[in-house]
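Visitor: My questions all concern the structure below.
Just so it is clear, none of the values below were taken in a lab; they were calculated from the coordinates. Note that the structure is predicted; figures quoted are calculated from it, not measured. Using ideal geometry, Cβ is built from the backbone for each residue, glycine included, and neighbour counts are taken over all protein chains shown.
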Amino acid sequence: MLKQIFQFTNINICIIALLYALVFMDNISFANTDHPKDSLIIRVGSYNNRPKIYFNESGQVVGLFPDVLNIIAQKEEWKLQYIQGSWSECLNRLKQNEIDIMVDVAFSKARAQKYIFNKETFLVNWATVYARKDLRIDSLIDLKKKRIAVMKGSIHTDGDNGIKRIMYQFAIDCDFIEVDSYKEVLTLISNGKADVGVVNRIFGSLFSKLYDVKKTSIIFNPSHIKFAFPKQSTIAQKLIEKIDYHLREMKKNSDSIYNRAIYIYLSGLPRELIFSKKDKTEINNISLTIAEKEWIRNHPNINFGIDPEFAPFEFLNNEGELNGITFEYIKLLNERLGLNMKVEKNLSWNMVISKAKNKEIDILPCVSITKERKKYFKFSRPYVNFYRAIITRTDMPFLTGINDIENMTVAVQENSSHKDYLLEYTTIKPIIYQTLKDALYATSNGNVQAFVGNIASSAYWIRKLNLVNLKIAAPTTQEAQTLHFAIRNDWPELISIINKGLKSLTPQEERDIRKKWVNVEYKPGIAPGIVWRYIFQIIIVAGIIVLLFLFWNFRLKREIKRRIQADKDLSEANERLKKLDQLKSMFIASMSHELRTPLNSIIGFTGVILLGMTGPLNEKQKDQLTRVNNSAKHLLNLITDVIDISKIEAGKIDINPQHIVLSELVNESVISVEPQLAAKAIELKKIIPDDIKLYTDKKRLLQCMINYLSNAVKYSEKGSITIIAKKLDHKIKISIIDTGIGISKKDLPKLFNSFERLDSHLKIKAGGTGLGLYLIRKLATEVLGGNVFVESEIGKGSTFGLIIPITIKLEDTKDQTQNS
Ligand code: ADP
């Protein structure tokens, strides 16, 4: 069994030795790779002490010292052989001259006795005191009565200049808690078991972030870390000379591998970054520090916010893309500095400001400096100027400057430098508008008297919005205002990066940007897309209107044609009817005339017989003959009326005007109704001025009067009939007023029509033809050139009458009926 174990152990040792040899070989081959065969072979002691010297995943010896030493070896064509061992093994080999160089050796007088050191310090290391976050530690005195965590046996704990000795020398009373590693030191502070702790500078800067501790300003025990060489080395002096030379040169160049390595290893960043190729800043000759370059690498995305209406500096065009002077600068800076500054779209300016204050937005690329903004941002060097101006309506009086608007209502944009300016430097109490456009509209509409803003962007929007009633009235001050990049105040690195980028722009480049944006003619108007959409809609609507119009026109033409034809037909029919009517009237007139002759014979002979001229008649004969005589008279009257009407309608009636005295004519008419008046005991009154003389057709006027009077008597049973005549300018009004049965309102319009007889208890008794009033109207209008009228109230009586000209005029003979 034991034998087996022994054998197994032997095999293991062999494998380990083989692996060791492979690693060793690998190290040699790594060092050999880039060097010619006859180059100087230098043995370097190596041990594991990350990040100063260590083995990476592929077994290469890397770290702060090897990376720098490799560069020097490359330049000097040395071949490096890394000999691995522990720290004490390495020191021992150095002492025995088995290695040529040992790295990472802190210089001390004691060590200087044993080894040779180079002159140029590679790195100064020191101890740093870290403390609990809630403690305030400014100096060594503050460590009194504190529990101090330290690493056992460390030079910073027990060395000549270690913390124990310092505390003793200053007689500061404190407790030490000794642990085995720096890691434990920081853990104790973090969990409150210690108040403070001591670690070396490199460990602190690399790992303190992982613990809840804070760095104090107490540092002590600086040690110069150098390269050490064996005392008996024959090449040490040559090596020292070269190493010192290269170290000095590399320290001078901020971008040398030495400086990069120090920064990257001490920041805990990936080693590859030390050897990354030239970046854009180098190509563009912008000398960024290692730290700045590193900052850029660590911030691959930087967002910025804009005022979307701050044209021509920064604004979104109709397609929602960023435009303007600032954007040109950002494009150039992104390109040159390798930055990736991107706009946060779809935010109002107010939202941008609040996000920037919360550090959700990193940059405001085009703002001026105000007290308020200084609280949140740091500012780059100015890169563009503007003037602040007062904008008013064109009808406002002439202004000379800001003092002239002290008592006016003044608009200003929220979160703008102009608002801060008005509040800080004037007594104006501005009215705040959320956007620049709103403020300009308010000024244009007269809601405010003036607006204070950036002259360039105001001019842009005045033209773009076509606010023709606005003018740039006066500058606020004569000095130009400056615009800057405002950057969140916890990013000071970016300020200096952007400043370097801005500095790298040539005057020509800046001129080109300005020329591009300042000389642009901003035509008022809307996006072409919108214009086309409207044009398209208008064309469609116009097309529909035109089609409707054509259709309507077509129908109208057809209708007009139809109506013209109908009119033509109608007038032809009319014409035919007129002719027929005339024929009818002429027929009736001639027929009636023929009828009158036999009627006259009947009336005449029956009258002679009734008078007894042909012998005596018995009562029965007398009665029957009287009936024959009356019927014949009635028929004759009817025929006479028909003849008259027919004559008038056929236009064949003769008008024979003559001078008459009205009262005489009235007397004459009364005679014909006297027997009826007497029979009914109706009183007749006449109010007729004697001087009324007329030049008219006597026969026809008499006919009218008789007809009216006979109606008045017929349709009255008692009371009176009054005839009144009145002069009216050139006319005479004759009224026949009775106290008879009267006529209802609804029947009045029917009167004066032919064969119209109204229902009444007298209808039968009174007898009649229904032609009397019709004839009166025809005579009055078409022969006498006047008119008729009637007023009546049922049961109370009626007033019929005529209004005729004093002197008849043939052209006045027209048909008019007045019912009042
Ligand atoms: P008629 O021969 O029937 O009297 P008219 O043309 O003279 O015909 O009158 C038409 C109708 O007007 C009469 O039937 C009668 O009903 C009414 N009328 C005319 N005059 C009077 C009047 N003075 N009072 C009441 N009704 C009248």
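Visitor: Need the list of lysines near Lys114 for cross-linking: C-alpha distance under 20 angstrom, and skip anything on the same chain fewer than eight residues off.
Guide: The qualifying lysines are Lys95, Lys226, Lys231, Lys238.
Visitor: Taking Cα pairs under 8 Å and at least six residues apart, what relative contact order does region 388-479 come out at, in percent?
Guide: 48
Visitor: Here's another thing I want to ask about it. Can you find, among Val129, Tyr263, Asn787, the residue farthest towards the positive end of the dipole of the chain? Put +1 on the C-beta of Lys and Arg, -1 on that of Asp and Glu.
Guide: Val129
Visitor: Follow-up. How much mean residue ellipticity at 222 nm does the chain get from its helices, if each DSSP H run of length 4 or more adds -39500 (n - 2.57) and you divide by all residues, to the nearest 500 deg cm²/dmol?
Guide: That comes out to -14500 deg cm²/dmol.
Visitor: From the P(r) of region 653-819, could you give the percentage of C-alpha pairs in the tail past 25 Å?
Guide: That tail contains 26 percent of the Cα-Cα pairs.
Visitor: Helix 2-32 versus the longest principal axis of the chain: what is the Cα-based angle in degrees, 0 to 90, to the nearest 10?
Guide: 70
Visitor: Follow-up question, since we're still on this one. Quick check: the distance between the Cα centres of region 446-490 and region 349-417, to the nearest angstrom?
Guide: Taking the Cα centre of region 349-417 as reference, the centre of region 446-490 is 8 Å away.
Visitor: Can you return the aspartates and glutamates within cross-link range of Lys714? Criterion is Cα-Cα under 19 Å, with same-chain partners fewer than 8 residues away left out.
Guide: Partners within reach: Asp641, Glu668, Glu674, Glu683, Asp738, Asp747, Glu756, Asp759, Glu791, Glu793.
Visitor: Quick one: 3J(HN,Hα) in Hz for region 222-237, Karplus 6.51/-1.76/1.60 with θ = phi - 60°, rounded, Gly and Pro as x.
Guide: Whole-Hz 3J(HN,Hα) from phi for region 222-237: x, 10, 8, 8, 9, 9, 10, 10, x, 4, 8, 5, 8, 9, 3, 4.
Visitor: Another question about this same structure. Can you put Thr476, Thr626 in order of Cβ neighbours within 10 angstrom, beginning with the fewest?
Guide: By the 10 Å Cβ count, ascending, the order reads Thr626, Thr476.
Visitor: What is the order of Thr216, Thr400, Thr482, fewest Cβ neighbours within 10 Å to most?
Guide: Result, fewest neighbours first: Thr400, Thr482, Thr216.
Visitor: Normalise the Debye intensity by I(0) for region 150-196, one equal point scatterer per Cα, no solvent, then take log10 at q = 0.15 Å⁻¹ and round to two decimals.
Guide: -0.38
Visitor: Among all the lysines, which ones have a C-alpha under 23 Å from Lys144's C-alpha, if same-chain residues fewer than 8 places away are not counted?
Guide: Lys133, Lys152, Lys164, Lys193, Lys214, Lys215
Visitor: Using only alpha carbon pairs under 8 Å that are at least six residues apart, calculate the relative contact order of region 653-819 and give it in whole percent.
Guide: 23
Visitor: Here's another thing I want to ask about it. I'd like the FRET efficiency for Ile539 and Lys437, computed as 1/(1 + (r/R0)^6) with the beta carbon distance as r and R0 of 41 Å, rounded to 0.05.
Guide: So the FRET efficiency works out to roughly 0.85.
Visitor: Turning to a different aspect of this structure: Mind checking the dipole of region 207-295: about its Cα centre, +1 per Lys or Arg Cβ, -1 per Asp or Glu Cβ, Debye to the nearest 20?
Guide: 220
Visitor: Pairs Lys357/Lys503; Lys568/Lys733; Lys652/Lys733: which exceed 32 Å Cα-Cα?
Guide: As for pairs spanning more than 32 Å Cα to Cα, those are Lys568/Lys733.
Visitor: Now a separate question. Would you mind checking the pairs Lys584/Lys750; Lys647/Lys765; Lys342/Lys429 and listing those with alpha carbons more than 26 angstrom apart?
Guide: Over 26 Å apart, Cα to Cα: Lys647/Lys765; Lys342/Lys429.
Visitor: If you don't mind, there's one more thing I want to ask. Between 0 and 90 degrees, rounded to the nearest ten: what's the tilt of helix 772-782 against the longest Cα principal axis of the chain?
Guide: With both axes taken from Cα atoms, the answer is about 70 degrees.
Visitor: Still on this structure, I have one more. Quick check on the exposure proxy: order Cys704, Cys90 from fewest to most C-beta atoms within 10 angstrom.
Guide: Fewest to most other Cβ atoms nearby, the residues stand as Cys90, Cys704.
Visitor: Once you place label points 7 Å from the Cα toward the Cβ at Gln232 and Ile141, how far apart are they in nm?
Guide: Rounded to a tenth, the inter-label distance reads 5.5 nm.
Visitor: Still on this structure, please answer the following. Looking at this model, which pairs from Lys727/Lys763; Lys633/Lys680; Lys561/Lys746; Lys183/Lys374; Lys209/Lys378 are more than 30 angstrom apart at the alpha-carbon?
Guide: With Cα atoms farther than 30 Å apart: Lys727/Lys763; Lys561/Lys746; Lys183/Lys374.
Visitor: Considering the dipole of region 653-819 built from charges on the beta carbon (Lys and Arg +1, Asp and Glu -1) around the Cα centre, which of Ile741, Cys704, Ala679 is farthest to its positive end?
Guide: Of Ile741, Cys704, Ala679, it is Ile741.
Visitor: Also, I was wondering about something else. Placing unit charges on C-beta atoms (Lys and Arg positive, Asp and Glu negative, everything else neutral), compute the dipole magnitude of the chain about its Cα centre in debye, rounded to 20.
Guide: With only Lys, Arg, Asp and Glu charged at Cβ, the dipole is about 620 debye.
Visitor: Still on this structure, I have one more. With an 8 Å cut-off on Cα pairs and a minimum separation of 6 or more residues, tell me the relative contact order of the chain in percent.
Guide: 7
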